[in-house]
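Here is the structure we will look at.
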């Protein structure tokens, strides 16, 4: 399949870099992998056509340094950059500077990233598109008094959110006015330190919520959805288990949810792959837009499994100048898929990171089983980055069958000798609430707390 891209620089690492390189290879695109000093042995570096070092091991001195990546870009002669997820993937400055070099950025333009990366602006865009939003402040709150006024209008509890936050960071919950008075100054300080922006906004805290998101593709004029995913199993607001489609979601709600995501993507003339994130109020059977991720997401494989659409390939084709290759009518949802994140962490010791050499790696196989990873037996996991080792993804004709397939695949999976979160998922896949889909965004933390109190998990 022809694309306008000839040579692609991968501005990321780990399993997503491997995923991008494989998609590029299918399109006959040559690849350049940037690496820190600690990453010359990673799988992505072995698979790429070229490798360029961009700095010392810490991400703040390599993968997050725009100048270093642009220098590698110029040296390589690549005509496109794919940022993956995390790192600079949602940096408007990075997208802008890549484009100013005359190089293709595989994602939306800097203006869209700026607009949708700020939660207040994204909320305004959602309102303009007629998409429901969580009751809250109309924009940023100017000070503590303004925050109190909003909270008392919508009612406690409330969430205090960093306007420029992301990935579950920069969020605090205040149950009372007294807690809000303490929370706002701390949240502003955290937002300033973490995002360089101390802007906050306030919204209602939905007690029994599920986290639902919709995958979209756009070519700058037209957008389509690829159905929804559920990401309610979270620890510290970080997703650990994702599935598609969402379990036990009324069909009318599903249709409205997906249609609203297309409206919003077209409202902002979205280009590339993106995800609209929502909270689903289990008591009211209502959904509310919360934010947009202007990039590919960790959990994109479950969408690929239920639709048969290669999202990375579509991103590359769109970035290369092609219009959307699919109409909404052509996109079908078949069966059920589940993804669990396998991290180098010890669930029995409060998820203590467990980097080190991998002596054994046995990947599960068989129909409907996929293990996306950037590691291999003999590889040493460095301590500098996110602890994700791989994503175990399964598909079957129903959710119950997919859960059974996941159980079998987890039994096959071996990564050692250091502990991983695979042991957590072996417990979760047998849990009656998880199997029934009876979970919310608070369920996993409550379960972990109870397990620790019962001595089933150690707290450190």
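The values are calculated or read from the model by the stated rules, or taken from the named source; none is laboratory data. Treat the numbers as computed from the prediction; the structure is a model and nothing was measured. We place every Cβ from the backbone using ideal geometry, glycine too, and count neighbours over all the protein chains shown.
Listed values, structure above:
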| read-out | value |
| --- | --- |
| Condition check for residue 14: under 25 Å from residue 108 (Cβ atoms), surrounded by fewer than 16 Cβ atoms within 10 Å (Cβ to Cβ) and touching a strand residue (DSSP E or B) at 6+ places or on another chain (Cβ under 9 Å) | no |
| Residue, surrounded by the fewest Cβ atoms within 10 Å (Cβ to Cβ), within region 41-54, restricted to residues that are out of contact with any strand residue (DSSP E or B) (no Cβ under 6 Å at 6 or more places or on another chain) and part of a loop (DSSP other than H, G, I, E, B) | 41 |
| Subset of region 19-40 [part of a helix (DSSP H, G or I) and either at pLDDT below 95 or more than 22 Å from the chain's Cα centre (by Cα) (or both)] | 25, 26 |
| Residues located in region 343-363, provided they are touching a strand residue (DSSP E or B) at 6+ places or on another chain (Cβ under 9 Å) and surrounded by fewer than 19 Cβ atoms within 10 Å (Cβ to Cβ) | 352, 353, 355, 356, 357, 359, 360, 361, 362, 363 |
| Close pairs (9 angstrom Cβ cut-off, 6 or more residues apart or separate chains): on the phi > 0 side of the Ramachandran plot in region 197-221, in a loop (DSSP other than H, G, I, E, B) and crowded, with 23+ Cβ neighbours inside 10 Å anywhere | 220/108; 220/270 |
| Selection count where residues are within 16 Å of residue 220 (Cβ to Cβ), out of contact with any strand residue (DSSP E or B) (no Cβ under 6 Å at 6 or more places or on another chain) and surrounded by fewer than 16 Cβ atoms within 10 Å (Cβ to Cβ), scope region 86-135 | 1 |
| Selection within region 171-182 - assigned to a helix (DSSP H, G or I) and in contact with a strand residue (DSSP E or B) (Cβ under 6 Å, 6 or more places away or on another chain) | 180 |
| Qualifying residue in region 20-28 (condition: surrounded by fewer than 22 Cβ atoms within 10 Å (Cβ to Cβ) and over 23 Å from residue 299 (Cα atoms)) | yes |
| Count of residues meeting criterion [within 14 Å of residue 217 (Cβ to Cβ) and buried (at least 24 other Cβ atoms within 10 Å of the Cβ)] in region 276-294 | 3 |
| Wholly within region 273-379, strands (runs of 3 or more DSSP E) carrying at least 3 residues that are outside the structural domain of residue 87 (by TED's automatic domain parsing) and under 30 Å from residue 438 (Cβ atoms) | 286-293, 336-343, 369-373 |
| Matching residues, region 334-359, being over 21 Å from the mean Cα position of the chain (by Cα), on the phi > 0 side of the Ramachandran plot and at pLDDT 95 or above | 335, 356 |
| Region 414-460, residues that are within 26 Å of residue 375 (Cβ to Cβ) and in contact with a strand residue (DSSP E or B) (Cβ under 6 Å, 6 or more places away or on another chain) | 414, 415, 416, 418, 419, 420, 421, 422, 425, 444 |
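Each row is one residue, and each column tells you yes or no for (1) outside the structural domain of residue 353 (by TED's automatic domain parsing); (2) surrounded by 15 or more Cβ atoms within 10 Å (Cβ to Cβ); (3) touching a residue at least 60 places away in the same chain (Cβ under 8 Å).
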residue: 405; (1), (2), (3): no, yes, no
residue: 409; (1), (2), (3): no, yes, no
residue: 413; (1), (2), (3): no, yes, yes
residue: 419; (1), (2), (3): no, yes, yes
residue: 422; (1), (2), (3): no, yes, yes
residue: 430; (1), (2), (3): no, no, no
residue: 434; (1), (2), (3): no, yes, yes
residue: 447; (1), (2), (3): no, yes, no
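So that you can scan it fast, the table gives a plain yes or no per residue for (1) in a helix (DSSP H, G or I); (2) closer than 30 Å to residue 64 by Cβ; (3) modelled with pLDDT of 90 or more:
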position: 141; (1), (2), (3): no, yes, yes
position: 149; (1), (2), (3): yes, no, yes
position: 153; (1), (2), (3): yes, no, yes
position: 156; (1), (2), (3): no, no, yes
position: 169; (1), (2), (3): no, yes, no
position: 184; (1), (2), (3): yes, yes, yes
position: 190; (1), (2), (3): yes, yes, no
position: 193; (1), (2), (3): yes, yes, no
